[in-house]
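Taking it in order: structure first as structure tokens, then the write-up.
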Amino acid sequence: VPTITPPFHFQIPSKKITSPDDIRKFHDSPTSKNFLGFIVALSESIRGRKISDPCHESATVSNIVSIIENLSLWVDQIPPVQQSSRYGNISYRTWHERLTENAESFMLQFLPEDLKPSTIEIVPYFTDSFGNSSRIDYGTGHETNFAAWLYCLARMGIIKEEDYQAVVARVFVKYVDLMRKLQLVYCLEPAGSHGVWGLDDYHFLPFIFGSSQLIDHKYMKPKSIHNEDILDNFSSEYMYLSCIGFIKKVKKGPFAEHSPLLDDISAVPNWKKVNSGMLKMYKAEVLEKVPIMQHFLFGWLIKW
């Protein structure tokens, strides 16, 4: 990740992508390559490691973890209201409003003095990371905003390369836990989901990081996701298994019917192939799709 140097020109980020031509322009840009490179570097940092493995935890990482824990506490304080519709509990709007009101002060907790002006640029990525308050939905575009927010911190040198393992194993794991809690408590709708043709209605990145964790694992193969004992015993250590376990908990019926793509992937011979396939798919299905990327923001840290 190329880090920035003064003078800084932080700006309010805005949307730029409206057409397939814009996607091509983005795809060919250094920005796109650097951002995808950041995702790959995060994936590599957790390769062959369990979530609980010791790793370097900086003050910034600990601070971000406590921010996410705070957001999770608010869910307990703002219970869902009784309503007739199945999806989209309006209490989520109250939660999201509190997030928006506090986002800047959260950032100021760990930004050094000279980088405090960056809040105008990084806060929008952060607030967009947890779903959309008017539509009460969440999907891979919002998840990409969270990765973009982390990328901005890396660009500013606040997150360094030695933090990457903790960024995945501490920060990202906490983030996914929070998102699952929000999905279950407030019944968030999947945003522009591919339905059964996506990996999952909400997430993509934990499948990338999770498959990297399992590369060269002695016993667990991609087909191990069909073994309930393995899911029960190892979900807390491996993100991929935790994703599968969560899907099985929230979806009824045969796995091959509600998650055909994940079922197909379980036949791939090894995790290395799964991981490289996931990265290609993320690029094609998320970063190169107009309906997702039309909402993506560009500023000075993530240049158009």
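Annotations for the structure displayed:
- Among the listed values [x] 27.1; [y] 15.5; [z] 20.6, the one matching mean projected area of the Cα convex hull in nm² as calculated from this structure is [y].
- Dividing the mean sequence gap of close Cα pairs (under 8 Å, 6+ apart) by how many residues region 124-166 holds gives a relative contact order of 33 percent.
- The chain, dipole about Cα centre (Lys/Arg Cβ +1, Asp/Glu Cβ -1), debye to the nearest 20: 520
- Dividing the mean sequence gap of close Cα pairs (under 8 Å, 6+ apart) by how many residues region 185-261 holds gives a relative contact order of 36 percent.
- Overall form of region 72-212 per C-alpha gyration tensor (a/c, 1.5; a/b vs b/c): oblate
- Separation in nanometres of the label points that stand 7 Å from Cα toward Cβ, at Lys248 and Lys223: 1.6
- Amide proton proximity set for Ile215, modelled H, under 5 Å, gap of 5+: Gly48
- Accessible area per residue in Å² at 1.4 Å probe, computed on region 215-279: 53
- When you restrict to C-alpha pairs under 8 Å that are six or more residues apart and normalise by the size of the chain, the relative contact order lands at 31 percent.
- Within the same chain, aspartates and glutamates fewer than 8 places from Lys50 are excluded, and of the rest, those with a Cα less than 14 Å from its Cα are Asp216, Glu237.
- For region 7-82, the fraction of 1.4 Å probe accessible surface lying on carbon and sulfur atoms is 54 percent.
- Here Phe10 sits with roughly 30 square angstrom of accessible surface, probe radius 1.4 Å.
- Counting Lys and Arg as +1 and Asp and Glu as -1 over every other residue whose Cβ lies under 15 Å from the Cβ of Ile12, the net charge comes to 0.
- Accessible surface, 1.4 Å probe, highest first, among residues Glu97, Glu161, Glu237: Glu161, Glu97, Glu237
- For Lys221, the solvent-accessible surface with a 1.4 Å probe is about 80 Å², rounded to the nearest 10.
- Too-long pairs where the Cα-Cα distance tops 26 Å, listed order kept, from Lys218/Lys273; Lys116/Lys280; Lys223/Lys249: Lys116/Lys280
- Straightening the chain between Glu288 and Thr100 buys 64.9 nm, computed as 0.36 nm per residue apart minus the Cα-Cα spacing.
- Shape category assigned to region 99-170 from the gyration tensor of Cα positions, a/c cut at 1.5: oblate
- Positive-end residue, region 97-215 charge dipole about Cα centroid, Cβ charges, pick of Ser118, His203, Ile136: His203
The values are calculated or read from the model by the stated rules, or taken from the named source; none is laboratory data. The structure displayed is predicted, hence computed values, not measured ones. Note that we place each Cβ from the backbone using ideal geometry, even for glycine, and neighbour counts take in every protein chain shown. With ligands, DNA and RNA removed, areas are computed over all heavy atoms of the protein, side chains included. Shrake-Rupley method; radii C 1.70, N 1.55, O 1.52, S 1.80 Å.
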